[in-house]
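Each value in this text was obtained by applying a stated rule to the coordinates, not by laboratory testing. Note that the coordinates shown come from a computational prediction; the quantities given were computed from them, not determined experimentally. Reconstructed Cβ throughout: ideal geometry from the backbone, glycine too, with neighbour counts over all protein chains shown.
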Amino acid sequence: MPELPPFEHTALDAIAPTCAKARTTFLSHRTRPLEFRIQQLRKLYWAFKDNEALITEACKRDLGKSSFETYLVEISWCMNDCIWMANNLPRFAKDEKPRDIAFTNTFVGPRIRKDPLGTALIIGAYNFPIQLTIGPLIGAIAAGCTAIVKPSESAPNAAAILQKMIGEALDPSCYTVIQGAIPETTALLEQKWDTIFYTGSEPVARIIAKKAAETLTPLVLELGGRNPAIITKHADPKLAAKRLLWAKTLNAGQVCVSQNCTFIDREMVPAFLREMKNALAEFYPDGARNSPDYGRIVNQKQFQRLKKMLDSSNGKIVVGGTMDEDHLFIEPTVVQVDSIEDSMVRDESFGPLLPIIAVTDLDEAIKLANEIHDTPLGTYAFGNKNEMERVLNETRSGGASLNDGFFHASIPTLAFGGVGSSGQGAYRGKASFDVFTHRRSVTTTPAWLESLMDVRYPPYTAKKMRK
Ligand code: NAD
């Protein structure tokens with residue numbers, strides 16, 4: 001078994017000087033040349049290659065993630081993003097010629113430069129501990145920012161690997177990991193930032209947004225789910241059950257874009273439940289508990305939160321329901337509830353609990369989905385083409401997948417983000433570059449243009465008024 005580095009909180013008095021160093025480096029223009037940024041992205045790619053076994057072990061210890069899942073959603077995910085960004089960066093970083101410029105203004109050569117925002121603070125969540133910090137870091141490096149990364153303390157082994165990888169592979173005057181929980185993050189928020197990129201829960205986002213507001217620091221927020229899935233009577237129950245089960249068993253349901261509640265046409269409920277049971281048996285022939293492919297809840301705090309959520313629900317468990325506190329195991333559990341006021345529906349489950357609500361028709365499903373959250377992170381619809389379009393037309397959400405759970409979020413070049421209280425700003429693909437970039441409009445007024453431009457100078461004579 002590979003030896004993992006230890007997780008240690010950063011000393012509070014080391015935080016200000018570390019941040020100051022990242023700022024000084026930015027102001028020295030070290031990160032401006034494209035060659036430097038591309039080199040850092042390539043080094044990050046190789047850090048993944050070199051540390052693959054350690055990352056796999058860390059994610060197994062923190063979340064019981066299978067090697068396959070870690071490779072899929074942490075290692076190859078980040079490696080592909082590094083290389084894709086390095087290859088496309090020269091194109092993204094080029095000045096843009098704006099459209100819709102009046103002919104007379106073309107003489108001043110209007111263009112949009114792509115300037116780095118400056119020094120970025122990146123705060124990550126625990127569920128995809130590598131991807132959720134490295135993804136924004138790739139954007140920050142590409143844009144020419146310096147950055148401090150604060151991984152989640154709830155996935156300490158992954159946080160320690162991140163520190164090792166970033167420390168060994170990247171320029172330490174530009175990119176550093178600060179480890180810790182609330183005191184360290186609070187100290188970080190006291191520093192001066194040019195942008196803050198936060199992934200996590202809504203309540204903490206409010207704390208961060210208040211702090212950022214004091215200094216008018218731009219903020220990207222990637223927040224919580226409470227996402228609806230809708231299944232109409234024209235959907236294929238087998239397909240819907242299998243796809244939605246996968247969306248709730250990946251990372252043991254600790255996924256911001258997983259469906260939080262599924263609204264099913266009443267006629268469809270028996271077939272859907274039958275197919276759910278079939279899919280569960282197919283995924284885990286010896287039961288989820290015995291499968292190396294099924295993860296665990298990250299810690300006791302989250303386990304107890306989920307247990308309480310299930311215990312206080314008025315719903316009826318129709319699939320699964322077993323738990324093992326000592327091993328932080330919760331079986332994929334479908335609960336049929338009657339009301340959107342049920343705790344399992346109102347709150348974000350962020351675990352393998354799948355509440356379902358039987359509805360009379362699509363009208364009722366859409367109405368209830370909008371009542372729970374008017375701007376969730378994702379919306380999922382299964383039905384015929386018209387029904388799925390209706391869901392899009394009559395709801396709002398950060399993203400949406402039709403005939404699937406969160407597939408849109410897995411496309412590396414598709415911008416990902418929330419809307420309203422599920423987040424602001426987006427990243428992945430070119431959006432990762434854009435979100436750390438200031439689009440700086442520039443003109444150059446040639447000397448020869450003076451004869452045409454003297455109309456702007458006073459005195460504003462009657463002759464000038466006529467021109
Ligand atoms: P969290 O909000 O508890 O923690 C996120 C980060 O904030 C951590 O690094 C933590 O140290 C820090 N933090 C916690 N309390 C703080 C405080 N009082 N002051 C300053 N910093 C503080 O979130 P979590 O439990 O790690 O993650 C789960 C949440 O994140 C869920 O709501 C989930 O939906 C959301 N999430 C969203 C996305 C997305 O891309 N939209 C992705 C993953 C997770």
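Among the residues of region 394-402, is any among the polar types (S, T, N, Q), within 16 Å of the ligand (Cβ to nearest atom) and either surrounded by fewer than 16 Cβ atoms within 10 Å (Cβ to Cβ) or part of a strand (DSSP E or B) (or both)?
Yes: region 394-402 contains one or more residues that are among the polar types (S, T, N, Q), within 16 Å of the ligand (Cβ to nearest atom) and either surrounded by fewer than 16 Cβ atoms within 10 Å (Cβ to Cβ) or part of a strand (DSSP E or B) (or both).
Considering only region 185-216, how many residues are near the ligand (Cβ under 10 Å from one of its atoms) and acidic (Asp, Glu)?
Count: 1.
Here is a list of conditions, (1) more than 16 Å from the ligand (Cβ to nearest atom); (2) under 28 Å from GLY398 (Cα atoms); (3) not in a helix (DSSP H, G or I), and VAL255 meets all of them except one; can you say which number that is?
(1)
Answer yes or no as to whether THR146 is free of Cβ contacts under 8 Å to residues at least 24 places away in the same chain and among the hydroxyl-bearing types (Ser, Thr, Tyr).
Working: free of Cβ contacts under 8 Å to residues at least 24 places away in the same chain: no; among the hydroxyl-bearing types (Ser, Thr, Tyr): yes.
So THR146 does not fit the description; no.
Considering region 162-184 alone, what residues qualify as being crowded, with 21+ Cβ neighbours inside 10 Å, of a type in the set (Val, Ile, Thr) and either within 14 Å of the ligand (Cβ to nearest atom) or within 24 Å of THR215 (Cβ to Cβ) (or both)?
THR176, VAL177, ILE178
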